[in-house]
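The values are calculated or read from the model by the stated rules, or taken from the named source; none is laboratory data. Just so it is clear, the structure is predicted and the values come from calculations on it, not from any experiment. Every residue, glycine among them, receives a Cβ derived from its backbone with ideal geometry; neighbour counts consider all protein chains shown. These area figures cover heavy atoms from the full protein model, side chains too; ligands, DNA and RNA do not enter into them. Shrake-Rupley method; radii C 1.70, N 1.55, O 1.52, S 1.80 Å.
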Amino acid sequence: MNVKSDLFYTKDHEWVLINGDTATMGISDHAQGQLGDIVFVELPEVGKTVKIGDTLGVVESTKAVSDIFSAVEGTVTDVNTALTNTPDKVNSDPYGSWIVKMKFTKKNPELMDAKVYSEYLKEEHH
Amino acid sequence: MSTKKTSIYDCHVKHGGKVVEFAGWYLPVEFSGLINEHNSVRNNVGIFDVSHMGEVTVKGDRAGEYVRNLVANDTNKLYDGKVLYTPMCYEHGGIVDDLLVYRVNEKEYLLVINAANIDKDFDWMKKQNKFGVELKNVSPDYFQLAVQGPNAKATVEKCFNIDLSDVKFFHFKNATLNGVNCIVSRTGYTGENGFEIYGPWNEGGKLWDALVAAGAVPCGLGCRDTLRLEAALMLYGNDITAETTPLEAGIDIFVKLESGNFIGRDALLKQKTEGLKRKLVGFTLEEKGIPRHDYLVVDSNDNTVGVVTSGTLSPTLGIPIGLAYINTDKLNDGSKLFVKIRTRNLPLKQMKTPFVKKY
């Protein structure tokens, strides 16, 4: 299970790259592995404002639907439209496949760094 | 009730199966990946552990009468070595289960039922026993493997050095495979040519390993569902339930109203005469999205006129496909219909089933 060291993670297995007041989000290697072959990504509209934990979009594999929950409070500034036609990129390159970029005012205080997230994954799988 | 393991469980783990709980069993949802497994079955050969399925034997002088009364299809047409697919109905026409009926001989039948329904079915079967037959739930005695795909026949033949040319579609025979006495049945749940193999519970792993070594790709429940949906084969609990009849589900070719009495016949005759209020239809979507079980079908005024029972993105066709019960008046009057997916209504287009016709 690949966990990238410069990212933060949520309990729902989104990854977050924080750069100033910009947060870039995707789903972790663990999340894509759990979902299986991803065949559909539903993106939010640019300009949408969300609170922490709100649904930002949806990732669907052949067998499951999974919401992407926002790790921050703020406004969507960009979405990765390339994923609409190549959703399988989320499987092959989960950390290269960002889904949304947000300008944020607040971030989830429960975000985990890579070390804590690795432990969290181990616990989840006892 | 604690979750059970099939005799093939260790093989699943060994082959990297992602194990989940399903109908009270630990079973692999996928191995190498759902789409890869799906395509292996369509283009080559895949193997499924379906040991969780239930088996019931019916024995006695009046076994034939018993079975004919129990199910909707005409079991009088069966002969030794022949298999039949049939719904089994309640008096009101709703479906108890769908099953395969194997005629071993005039006085012995084997019924293969869905895992989630074993207890319910067996209770129901016992209640219908006015014919003095001996009913036995032998589910714990049998493993079941499904070997499916265009290369299934060649793979099984080569693996066990046998000839299966004499086993035609929906027929079976007894055969000894690597020293194990099995029933080899030309049936399946994928829309491909293939075999279902039944044998003594503890021998399943041995045959699984042999078939995988012979080239059968390990497949999980995930692609079992996408394959059966492409072939528009019913999934009990989704497409057919106690609240739906075989006529509504469009599986009326397996209902023989004219060939003798059976449980539910009166209700089905009545429904046939009065006409159907809803019907299960195949559809695709005209915009990108994936229909799923329980999503609503609405008209242009957002009124609910139906419900999706199964849906997926078809790995073979690359388009969304699904089955939905839709009110017949809406199907007939040319209304524009939509599937409600979260906040969007996506236009639905009826599509002929099976979505994928291979075999």
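Structure above, values below:
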| item | result |
| --- | --- |
| All aspartates and glutamates inside 20 Å of B:LYS330 as judged from Cα atoms, apart from same-chain residues fewer than 8 positions distant | B:ASP239, B:GLU248, B:GLU274, B:GLU286, B:ASP294, B:ASP299, B:ASP302 |
| Too-long pairs where the Cα-Cα distance tops 26 Å, listed order kept, from A:LYS63/B:LYS336; A:LYS63/B:LYS340; A:LYS89/B:LYS206; B:LYS107/B:LYS173; B:LYS120/B:LYS277 | A:LYS63/B:LYS336; A:LYS89/B:LYS206; B:LYS120/B:LYS277 |
| Expected-Rg normalisation [2.2 N^0.38 Å, Cα atoms] applied to segment B:277-350 | 0.98 |
| Percent accessible area from carbon and sulfur atoms, the protein assembly as shown, protein chains only, probe 1.4 Å | 49 |
| Which listed pairs, of B:LYS5/B:LYS288; A:LYS115/B:LYS18; B:LYS18/B:LYS77, have C-alpha distances above 31 Å, in listed order | B:LYS5/B:LYS288; B:LYS18/B:LYS77 |
| Accessible solvent surface per residue of segment B:53-137, calculated while the other protein chains remain in place, 1.4 angstrom probe, Å² | 39 |
| Distant-in-sequence amide H partners of A:ILE27 (H built 1.01 Å from N, under 5 Å) | A:TRP15 |
| Alpha carbon centroid spacing (whole Å) that separates segment A:49-83 from segment B:259-313 | 32 |
| Length-normalised contact order for segment B:277-350 - Cα pairs under 8 Å, 6+ apart - percent | 41 |
| Taking only Cα atoms of chain B, radius of gyration then Dmax in Å | 20.5, 64 |
| Share of alpha-carbon pairs per 10 Å distance bin for the protein assembly as shown, given as whole % | 4, 18, 25, 24, 17, 9, 3, 0, 0 |
| Relative contact order of chain A, defined on C-alpha pairs under 8 angstrom at six or more residues apart (%) | 31 |
| Chains A and B, summed buried accessible surface - 1.4 Å probe, Å², nearest 100 | 1300 |
| Rounded accessible area per residue of segment B:277-350, 1.4 Å, Å² | 44 |
| B:HIS92 accessible area, 1.4 Å probe, all protein chains in place, Å² to nearest 10 | 110 |
| For A:62-68, mean number of other protein chain Cβ atoms within 10 Å | 5 |
| Helix-only CD estimate at 222 nm, as mean residue ellipticity for chain B, using -39500 (n - 2.57) per DSSP H run (n ≥ 4) | -6000 deg cm²/dmol |
| Mean-position separation - Cα centroids, segment B:154-222 and segment B:117-146, in angstrom | 23 |
| Selected from B:VAL180, B:VAL308, B:VAL147 as most flexible by GNM, with chain B as the system and alpha-carbon contacts under 10 Å | B:VAL180 |
